[in-house]
Structure formats: structure tokens, C-alpha cells
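Some notes on the structure that comes next.
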Amino acid sequence: MTTDQAPRTAGRNPSDGETRSRGLLAPILLGVGVFLLTTALALRFFVADRLLVAPTNLYQKTTLQAIGASYFDAGAVQDRTGATLTLTSTMRGDVKAAKGDTAVWDVFQVLEDIPNGGNEVSIIQQRLAFDRGSGELKACCGTHVNNDTSVRPSGLSGLFWPVGSLEKKTYQVFDASTKRSWPAEYQGTETIRGVKAYKFVQTIPDTVIATLPEVPSTLLGIPGKSRNVAADRYQRATIAYWVDPRSGVTVHREQQVVQTLRGKDGNGSKIVADFTLKMTPQSQKELVAKADDTASKVSLLRVTGPLVSLLLGLALLGAGAAAMLRRRGTRHAS
């Protein structure tokens, strides 16, 4: 091999590549560190608020029961006492109607005396539209209560509560029977199947929910010859909600209801319904599981994810700063 053919390694330092690699390490560490810090802030203050919202494709069924209930069976024209009433609520999201931050749910509630041949005591159909984050109801998207589109719902629905931001205060909650909102007052924290839930109690005074043009006067206890009279149906209720503050899921509900028929002229009255509905253990169990699942997602997006990103970001920033200082020290030494 001639001199010209010899490998040209003269003047090249073997550590040059290693030095360049070390030179790139500091900016890489600093860049990734800044990225993770930005991710932590985004998860906590931006991403979480946009992901932890009411679903548009919900399908949920809950059941409440009243033991020892009494009501007037209009079909059989007789009073029923000691009955077991079942309230089944079915909620289904209308994905096509949902737009942006607005969710649309259709709700079907049927109260029936199943042991007595499935006698239907009442049926309520409603279509609700609300803000997916705050839960505030909106008058849009074909909302109605029993096809009455003139109803303008406001406040919360009682079916969806704010996720991870529930406060110990009084909320306005819409009642489908009276077609208006009433205050639901915070009354403490109780444990439901291991979940520490906020209890809100809504007291609804006697309110006209329907007018019947022809009611037998004898039914109202009006003396004299039987005749048909107009009467108003009044309802008063006390509704209690137990809501998981982590997830906004209602894990238990009770409704005490009394309905009375009163003659339009102020004469005669009759109690036509008196019962207390309580959520069944099976529905409680399902909703608690849903609350725990949602709470884990809330924690991941608002606590665990941001915290891990923050700590890793700070660690990488520290390592990057240390690498940069070492590089500068090496330059000064040479």
C-alpha cells in the first residue's frame, strides 16, 4: 500500500462524534421537558374540560320502587292500597341531534303497578337538551315534555350533574311533572355503597299538573246528586338526589309524592296518589360502578396525567440544564 492509498485519519479526533452527540443531548432533554410541562397544563386546564362531558350516545335504564303505595285506579274506579309501584326510567342519547357542546337525550318514564297486571299509573316522555359540561338545560332541538313544546326547561335535569366540579350549594333542578325548576338544597354528605355522595333535597309545594274537565262529584266527596265537575290535579313532592361529586353520577334517588284532586270551585278533594319511590339496589350498584369508572377517568385527566407529565418534564429540564452546564465547563477547560 502506497502512502497515497493509506486511510486519511490524520488530524481527525475519534471523540468528535461523541462530542457532537453530547452537544445534542442538552437541547433534546430541554425540548422534551418543555413539551411535557405543556402537556401537563393542557391536560389539566384544556383537554380534561373537553373530554369529561356528558356523552351523546348514552343508553341507561334505572328503576325505583315504592312499597305500600296507595293510588286511585281510574280504570277500575277504585282505590288501591298496599301496592308495589315500579318507576322505570330509560334514557337514550340522540347522537344525530347533538351539536358541539349540546347533548340531546330522550327520556321515557313509566310508573306502573306490575303485580296488578302492569296497570300504568303515569307516563312521562321528555326530550332534553343541555350543555355537555355544565349540565344547564337549553330550549332547543325539539325539547318537550309529553309533546308540550311550549315548556322552557332551565337549571339542571337531575339526570346529569357537573363532572368533577359539583359544589355544596343549592341548584335549580327541572321537574317534568310540574314543568318547571325548583331549588335542590345541599344537605350534607352520605355514603352510598362506598361512594361519598352529596345529598340534594328538592321540595316541591302543591302545584297544578293537570286539569280534568269531568270528574264525578261523588269521587271528590261533594254531597248531593252526582254530577261531573272540573277539577285540578295537584302534586307535591320531596325529591332527594345523592350525587357522586367526582363523576356527577346520581348514585341514589328517592321521591315522596302526593297527588290530590280538587274541585275547581274549591269544593271537594281526594288524594289520588301517595307513595315513596326508592332506587332499587341493582340500579344503585350499576350507577356506583359507573361513578367509579368515570371518577378514574377524571383522576387520570385532571390529576394523575398532569402530575406525571409535570414531574417528568421538570426532571428532564433539570437533566438538560445539567448537561448544558457540563458542556460549557468542558469547553472552558479545553
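Since every read-out is calculated from the coordinates, none of them should be taken as a lab result. Just so you know, these numbers come straight off a predicted model, no measurement behind them. Every residue, glycine as well, gets a Cβ built from its backbone with ideal geometry; the counts of neighbours run over all protein chains shown.
Brief remarks follow.
- Added length on full extension, which subtracts the Cα-Cα distance from 0.36 nm per residue, PHE108 to ASP148: 13.0 nm
- Each label was represented as a point 7 Å from its Cα along the Cα-to-Cβ direction; for ARG180 and GLU120 these points are 2.8 nm apart.
- Flagged links, alpha-carbon separation over 27 Å, of LYS96/LYS168; LYS138/LYS169; LYS138/LYS270: LYS96/LYS168; LYS138/LYS270
- Multiplying the residue separation of LYS285 and CYS140 by 0.36 nm and removing their Cα-Cα distance gives an extension gain of 48.9 nm.
- Rounded to whole numbers, the Karplus 3J(HN,Hα) couplings from phi for segment 111-123 are 9, 9, 9, 4, x, 9, x, x, 4, 7, 8, 7, 9 Hz, using 6.51 cos²θ - 1.76 cosθ + 1.60 with θ = phi - 60°, and x at Gly and Pro.
- Radius 14 Å from Cβ of VAL272, net charge of other residues (Lys, Arg +1; Asp, Glu -1): -1
- Counting neighbouring Cβ atoms within 10 Å and putting the fewest first, the residues ASP79, ASP148 line up as ASP148, ASP79.
- Residues LYS278, LYS169, LYS264, arranged from fewest to most other Cβ atoms within 10 angstrom of their Cβ, appear as LYS169, LYS264, LYS278.
- Near ARG80, once Lys and Arg are set to +1 and Asp and Glu to -1 for all other residues with Cβ below 9 Å from its Cβ, the sum equals -3.
- Efficiency of FRET from Cβ geometry, TYR59 and GLN256, R₀ 25 Å, rounded to 0.05: 0.30
- Convex hull volume of the C-alpha atoms in segment 129-261, normalised per residue: 111 Å³.
- For SER122, SER150, order by how many other beta-carbon atoms lie within 10 Å, fewest first: SER150, SER122
- Remark: segment 55-297 projects, on average over all directions, an area of 13.7 nm² (convex hull of Cα atoms).
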